[in-house]
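The values are calculated or read from the model by the stated rules, or taken from the named source; none is laboratory data. The structure presented is a predicted model; accordingly, all values stated were derived computationally and were not measured. FYI the Cβ positions are ideal-geometry reconstructions off the backbone, even for glycines, and counts take in every protein chain you see.
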Ligand SMILES: [Zn+2]
């Protein structure tokens, strides 16, 4: 009987986990998690979990500044609006021209 509801329990649990994690993560600096990433990306900000970064660039100042900029965007906009706006702009612009990326390219130079 309980097994029948297991998928629902797992999904509700995951949603609650993300909501609670988001509450604390939005107030803090990102956690940097070193791991291999698929494709050409060297790092990616994934609020509210943290910033995933490849080992060979984990001390790269420019990349860290870039990803911290995305984290600030998340802190300013909130979790849902951060992803909504990012993917909306991503569909309108190339990666390099996405205004949210442009802001973080500038932050790399700060
Ligand atoms: Zn970026």
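Within region 42-59, is even one residue modelled with pLDDT of 95 or more, within 15 Å of the ligand (Cβ to nearest atom) and either loosely packed, with under 12 Cβ neighbours inside 10 Å or part of a helix (DSSP H, G or I) (or both)?
yes
Please go through region 19-41 and pick out each residue that is more than 16 Å from the ligand (Cβ to nearest atom) and surrounded by 15 or more Cβ atoms within 10 Å (Cβ to Cβ).
21, 22, 25, 26
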